[in-house]
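Q: Pasting a structure below so you can have a look.
None of the figures in this text is laboratory data; all of them are computed from the coordinates on show. Please read all numbers here as calculations on a predicted model, not as lab measurements.
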Amino acid sequence: MEIDWSEVKRITLWSYEELIEKLLRVLSYEFVQKHYDHSMREAAEYVGRLLGYDQKYYVKTNALTELFRKLDAVKIKNFEELLHEIENREKCEEFLGKTGLSFTELICALNCIFRWILPFCLYLKELIDPNDEAQKGYLEELKKIGIRFNLDALERGRTEENRKRISRETAIPETFICILVNRADMTRLPYSNRKTVRHLCAAGYDSVDKIAQADLTHLMEDMKAYFNKIGIRLSRSFIDLEGIMRWTKAIPKIVRN
């Protein structure tokens, strides 16, 4: 089988080895294993809940659902098992030969799993005010106890008891830890980045729960008023508020406030 390995970077921006490493790193978190390491049937249902609301995702949803059906048919149990089956180029070639999947089909699916299904890994510095010296100091203290990324914050601080423990260990105010954890939680929304989180928080929607419980019309009115105030014209191409609201209802509940 002739495989063009450069296709991986074209589709995902990374080499094959980098993509597998990134996926395995995300799956190494306990909360990710518990809430996201889907069986193939669960993965198909999850994609339907996440993307099925919009016709523009029809092709993507169908392609992923069909792939997960094929993977279920060859007895792949979950994402972690899939990644270990294809963890290097040699094993990937063997897997494709055994299953009859195309290389492009597999890489497109891995890209969607990485960008749409699994939470994305970001440095915590992306979620604070870069001009606030106190907040930067808090991040230095968190780094000392191994909390550097959004996923670390969720792993270690998703319950009130654990946030109190972090506060005692670091002398960081519990209120800041709670704010940071909720912002980290918001990054689990597909394609959410620091700008998306910053805009939502500035408009008063500073947690996944607040967005999920909001009325869509009110959310859109509040966000429009906020963007008008800072001189930005709100459009769906800029921020998909309907999608964000639906995603808050589809993603698993992680943070307990």
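Q: Please state the shape class of segment 6-117: rounded when a/c is under 1.5, otherwise prolate if a/b exceeds b/c and oblate if not, all from the C-alpha gyration tensor.
A: Rounded.
Q: Continuing with the same structure: List the lysines whose alpha-carbon lies under 24 Å from that of K143, not counting same-chain residues fewer than 8 positions away?
A: K22, K125, K164, K195
Q: What are the ³J(HN,Hα) values, in whole Hz, obtained from phi via the Karplus relation 6.51 cos²θ - 1.76 cosθ + 1.60 with θ = phi - 60°, for each residue of segment 43-53 in sequence order, with x given for Gly and Pro?
A: Rounded to whole hertz, the list is 4, 4, 5, 5, 4, x, 5, 6, 10, x, 6.
Q: Continuing with this model, one more query. For the chain, set up a GNM with springs between Cα atoms under 10 Å and report which of D206, D132, D215 has the largest fluctuation.
A: Result for the chain, Cα springs under 10 Å: D132 fluctuates most.
Q: With runs of 4+ DSSP H residues as the only contributors, calculate the mean residue ellipticity of the chain at 222 nm using -39,500 (n - 2.57) per run, divided by the residue total and rounded to the nearest 500.
A: Rounded to the nearest 500, it is -19000 deg cm²/dmol.
Q: Ordered by residue, what ³J(HN,Hα) values in Hz, to whole numbers, does segment 220-226 give under the Karplus form 6.51 cos²θ - 1.76 cosθ + 1.60, where θ = phi - 60° and Gly and Pro are x?
A: Rounded to whole hertz, the list is 5, 5, 5, 5, 5, 4, 5.
Q: Pick from N162, N228, N193: which is most flexible by mean-square fluctuation in a GNM of the chain where alpha carbon atoms under 10 Å apart are linked?
A: N228
Q: List the residues, sorted by chain then number, that are 5 or more residues from T187 or on another chain and whose placed amide H is less than 5 Å from its amide H.
A: none
Q: Something else now. From the backbone phi of segment 168-175, what are the Karplus-calculated ³J(HN,Hα) couplings (6.51 cos²θ - 1.76 cosθ + 1.60, θ = phi - 60°) in whole Hz, Gly and Pro given as x?
A: 5, 5, 10, 6, 7, x, 4, 4
Q: Amide H neighbours of F149 under 5 Å, at least 5 residues apart or on other chains, H built in the peptide plane: list them.
A: Result for F149 returns L124.
Q: Can you list the aspartates and glutamates whose alpha carbon is less than 15 Å from that of K229, not counting same-chain residues fewer than 8 positions off?
A: K229 reaches E221.
Q: Also, I was wondering about something else. Let me know the shape class of segment 98-208, please: from the alpha-carbon gyration tensor, a ≥ b ≥ c as square roots of the eigenvalues, rounded when a/c is under 1.5, otherwise prolate if a/b is greater than b/c, or oblate.
A: Prolate is the answer for segment 98-208, as a/c is 1.5 or above and a/b outweighs b/c.
Q: Okay, next question. Helix 103-112: angle to the longest alpha-carbon principal axis of the chain, degrees 0 to 90, nearest 10?
A: For helix 103-112, the angle is close to 20 degrees.
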